[in-house]
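Written out below as structure tokens is the structure these notes cover.
The values are calculated or read from the model by the stated rules, or taken from the named source; none is laboratory data. What you are looking at is a predicted structure, and each value in this text was computed from that prediction instead of being measured. Neighbour counts run over all protein chains shown; Cβ positions are idealised from the backbone, glycine included. Surface areas here come from the heavy atoms of the whole protein model, side chains and all, with no ligands, DNA or RNA. Shrake-Rupley method; radii C 1.70, N 1.55, O 1.52, S 1.80 Å.
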Amino acid sequence: MSKKEEIVRVDHITKRYEENAILEDFSLSVYEGEVVVIVGPSGCGKSTILRIMNGLEPVQKGEVTYRGEKVDGKLGSITRIREKVGMVFQSYELFPHKTILQNVMLAPVLVQKRDKKEVKEEALQLLSRVGLSEKKDNYPRQLSGGQKQRVAIVRALCMHPEVLLFDEVTAALDPEMVREVLEVILSLAKEGKTMVIVTHEMAFAEAIADRVIFLDAGHIEEEGTAEEFFRHPKSERAKQFLNSFTYDKVVHE
Amino acid sequence: MNWEVISSYLPLYWKAMLLTLRIGWLGILFAILIGFLVAIVRFYKVPVVSRIAGVYIEFFRNTPLLVQLFFLYFALPKIGIPMNAEFTGALGLALLGGAYMAETFRSGLESVAKIQTESAMSLGLNKSQTVLHIIFPQAFSVSVPAFVANVIFLLKETSVFSAISLMDLMFRAKDLIGLYYKTTECLVLLVFFYALILIPVSVLGDRLERRVRHAEFGD
Amino acid sequence: MQNLGIDVLFKGTNMLRLLGGLWVSLRISLIAVGFSIALGIPLGMLMTKDSKIVKAIARLYLEIVRVMPQMVLLFIVFFGTTRIFGWNLNAELASVIVFSFWGCAEMSDLVRGAFISIPKHQYESARALGMNSFTVFFFVILPQTLRRLLPTSINLVTRMIKTTSLVMMIGVVEVLKVGQQIIEANRNSSPNAAFGVYGTVLLLYFIGCWPISMLSKYLEKKWSNS
């Protein structure tokens, strides 16, 4: 599978906030059709990687290339690449002043200059796929968190991105809404979409990942298939991390 | 109350109101323009200009319009800048209002979270598309209540125009009281005409606020 | 360099007279602020109650203050009371009445806003801890309300000071009027005095109001995320 074409490469990135290093000499390649899941403790720089891939975060060293083309600070190149890289945020970030349908149609019409009618048709089709076609004329405020997040995914999909970035998309959701969102992402994986996912949902990560990256303190501590990482973690840090999701049975004294 | 007196005064008041409205709306229109430009300069922290804009805002927000008008009208001609009364009224109101509008618009712009911008950019919108389609509409609906309050405040502030000998409603009332001592009638007309100017603005403002809240919350 | 009339201010007691005029405006403002606070706080608290009559009256009062220019109110009180009651109301007293009437409305609205902005679960959680309503009010609600109220009511003080400049229009001899008198008196010796004198008055107002505005802004920032 490593012979597949490389889509995004993050090359020797160093990122600092003031004096604190967030990422230190970090590199990652994402190949076509691959689902990469990044896990790790809070504050380890997971989300920063996604933001860097989308050019939302300036870096001190290193570069991001997209199908071999360098993403530099220049506006033209960055917006062209962002068209091809879809991103879904933890806090949904739907546009509150636009209806659901308008949210989905905005970028394809405005940025890709596609035909309005054709975009609308596709938008409706995608919305019905996630079970939200009857909400098309509602405003984001009227939707639940899970519904909003599904719209956000549709909004990204409607741009026909070559890679999708998911930044802790269920972290702000009520527990009973997590599944409805993850199901959508799982079905995208089955279709063979290329994705980079940052998540705290370990069961989901294990189910969806082709490759798991365990990030700790700004560098890759361990990397492997889902099976390898979750069943046979090698490093101490990874074992500790995975243990933090389980609890010992209380024994009454 | 003498209705004959009232009806004979009506045309005089009507004319005075038109003057108040003409200068008032002209001033407010320019206040919006100035406020908009200054807010953009402040929001994007344009070097140097932003500093100057800050001084302008603080100065005009912390001095009374009446004194500003006195300075513009009586002091500027002394350094060779000729001023006429109507122009001074509109200019004073525009400068005062510009400072207030700038703060209103800027806080509207700042209320749009940074991540909304990022979300738009991640969809491939460029800077101007993001500003036009995402930031401005949201900033606008947040600014509306303060904007309406500013417009009402500025229209009320026009009541000092008579100090630079503009024949507005206050001037008319004072003049007629002094001439004929029909105080009650003069004051009733004064209240009536200011209500005529301001109540529609207040009602329309409320409507507008409800409208944008509807758009924002969708319920 | 032509003479811009700043020297006029240093002739005789002119500067002192000007400052005396400023004191007249400040005095009116301070008294009116005092009344506004004293009357506005209970009124604002009354307005948080669920009484239809109170709400209707308060609404009418606030709406009058909202749409009527203070200048008009000054005229009504100053000229109107003389006419109707035959009082010979002194202009300064009329000013105090009008600015208290205006300030009280503003203050009560601020108080009401501050109280209703406290989330309901603050009351509930305090009650759940076993506090009685007296304790809840003084130790939980009031401190939070004050934090919201203080910056905006300090701001009201600067607005009051600026608005008192209107009193010259009904003949109170305050700083702007004194300035006018000085310019008149020196018309021949210093024809450009208007520039220096009005410029100084403008500056005096700024020096008076700006620090208060800054304080209000500072408190607002300091307390906004706590």
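Fraction of C-alpha pairs exceeding 22 angstrom in segment C:1-155: 59 percent, rounded to a whole number.
Compute the projected area of the convex hull of the Cα atoms of chain B, averaged over all viewing directions, and report it in nm² to one decimal place. Show your work: numbers first, answer last.
Details: hull surface 62.1 nm².
Reported value for the Cα convex hull: 15.5 nm².
Sorted by average packing, counted as other Cβ atoms within 10 angstrom per residue and highest first, what order do B:179-186, C:90-97 take?
Details: B:179-186: 17.2, C:90-97: 19.9.
In decreasing order of mean packing, B:179-186, C:90-97 become C:90-97, B:179-186.
Excluding ligands, DNA and RNA, the accessible surface per residue across segment C:6-224 is 50 Å² with a 1.4 Å probe.
Take each residue in B:51-64, count the other chain C-beta atoms within 10 Å of its C-beta, and the mean is 4.
Residue ranges B:108-119, A:83-94 sort as A:83-94, B:108-119 when ordered by packing (mean number of other C-beta atoms within 10 Å per residue, highest first). Considering helices alone, the calculated mean residue ellipticity of chain B at 222 nm is -26500 deg cm²/dmol, with DSSP H runs of length four and up weighted by -39500 (n - 2.57) and normalised per residue. Charged neighbours of residue C:106, selected by a Cβ distance under 10 Å, balance to +1 (K, R count +1; D, E count -1). Computed on the Cα trace of the protein assembly as shown, the radius of gyration divided by the Kirkwood hydrodynamic radius gives Rg/Rh = 1.08. Spatial offset of segment C:122-170 relative to segment A:181-253 amounts to 51 Å, using the alpha carbon center of each. Local charge for residue C:208 was computed over the other residues whose Cβ lies under 14 Å away, with Lys and Arg +1 and Asp and Glu -1, and equals +2. For the pair segment A:47-121 and segment A:143-176, the centres of their Cα atoms are 14 angstrom apart. Given in Å, the Rg to one decimal and the Dmax to the nearest whole number for the Cα atoms of segment A:89-190 are 12.7, 39.
Where in segment C:20-52 does the label zone of residue C:118 land, with the point 7 angstrom along Cα→C-beta and an amide N cut-off under 17 Å? What the label zone holds, given the 17 Å backbone N cut-off, is C:41-50. Here the Kirkwood formula puts the hydrodynamic radius of segment A:1-136 at 17.2 Å, using every distinct Cα pair. The simple spin-label model puts a point 7 Å past each Cα toward its Cβ; for residue B:25 and residue A:12 those points are separated by 6.7 nm. In the distance distribution for chain A, Cα-Cα pairs more than 26 Å apart total 42 percent. In segment B:115-201, the ratio of gyration radius to Kirkwood radius, Rg to Rh, stands at 1.37 when only Cα atoms are counted. Diagonalising the gyration tensor over the Cα atoms of segment C:107-226 and scaling each eigenvalue by 5 before taking the square root yields semi-axes of 48, 14, 8 Å, largest first.
At 0.36 nm per residue, minus the direct Cα-Cα distance, what do residue C:57 and residue C:187 gain on full extension? Give it in nm, one decimal, please. Intermediate results must be reported in sequence, preceding the final value.
On the way: separation 130, 0.36 × 130 = 46.80 nm, distance 5.18 nm.
Answer, rounded to one decimal: 41.6 nm.
Using the rule -39500 (n - 2.57) for each DSSP H run of four or more residues, divided by the residues of chain C, the 222 nm mean residue ellipticity is -24000 deg cm²/dmol. When both bridge partners sit in chain A, DSSP labels roughly 55% of those beta bridges antiparallel.
Around residue B:88, with a cut-off of 15 angstrom between Cβ atoms, what is the net charge of the other residues, counting Lys and Arg +1 and Asp and Glu -1? Overall, the nearby charge balance is -1.
Testing the spin-label approximation: label points 7 Å from Cα along Cα→Cβ at residue C:147 and residue A:121. State their distance in nm. Reported label-point gap for residue C:147 and residue A:121 is 5.7 nm. Projecting the Cα positions of A:22, C:71, A:58 onto the charge dipole of the protein assembly as shown (unit charges on Cβ atoms of Lys, Arg, Asp and Glu, taken about the Cα centre) puts C:71 furthest along the positive direction. Shielding by partners for peptide B:113-121, expressed as the average number of C-beta atoms from other protein chains within 10 Å of each residue's C-beta, is 6.
Calculated [222 nm] ellipticity per residue, helices only, for chain A: -11000 deg cm²/dmol; basis is -39500 (n - 2.57) per DSSP H run with n ≥ 4, divided by all residues, nearest 500. The mean number of Cβ atoms from other chains found within 10 Å of a Cβ in peptide C:195-205 is 5, as a whole number. Once both labels are modelled 7 Å past Cα along the beta-carbon direction, what's the residue A:236-residue A:42 spacing in nm? In this crude label model, residue A:236 to residue A:42 measures out at 2.4 nm.
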